[in-house]
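What follows is one structure encoded as structure tokens, with my remarks underneath.
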Amino acid sequence: MNVGNVNLVELLLNWFPMLLIFGVWVVFLRKMQGGQYANQQKKHLEVQMRQADALERIAAALEKRV
């Protein structure tokens, strides 16, 4: 099947590796958004929030000293 000067089958075969890579990328993105990865992100965010609170307390204590 020809579309203009381009063979449609040849076009699909040339683009198949790129489409496959894109499909695998989408699958991994969806997998990472749910389940264990999401729980790890929440835990990491909680740790960062505690660290930020601790740094704020340290900064406030240091400002009082000056």
If you plug each phi of the stretch 13-27 into the Karplus form 6.51 cos²θ - 1.76 cosθ + 1.60 with θ = phi - 60°, what whole-Hz ³J(HN,Hα) values come out, in order, with x for Gly and Pro? 5, 5, 8, 4, x, 5, 5, 5, 4, 4, x, 5, 4, 4, 4
For the stretch 37-52, Karplus couplings with θ = phi - 60° (6.51, -1.76, 1.60), whole Hz, Gly/Pro x: 4, 5, 5, 5, 5, 5, 5, 5, 5, 4, 5, 5, 5, 5, 5, 5
Quick one, which of [x] 1.46; [y] 1.14; [z] 1.53 is the actual Rg/Rh (Cα atoms, Kirkwood Rh) calculated for this model? [z]
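Any idea what the dipole of the chain comes to, in debye rounded to 20, about its Cα centre with Lys/Arg Cβ at +1 and Asp/Glu Cβ at -1?
Working: 8 positive and 5 negative charges, 82 e Å.
That gives the chain a dipole magnitude of about 400 debye.
Each value in this text was obtained by applying a stated rule to the coordinates, not by laboratory testing. Please read these numbers as outputs of a predicted model, since none were measured by experiment. Cβ: placed from backbone, ideal geometry, glycine included. Neighbour counts: every protein chain shown.
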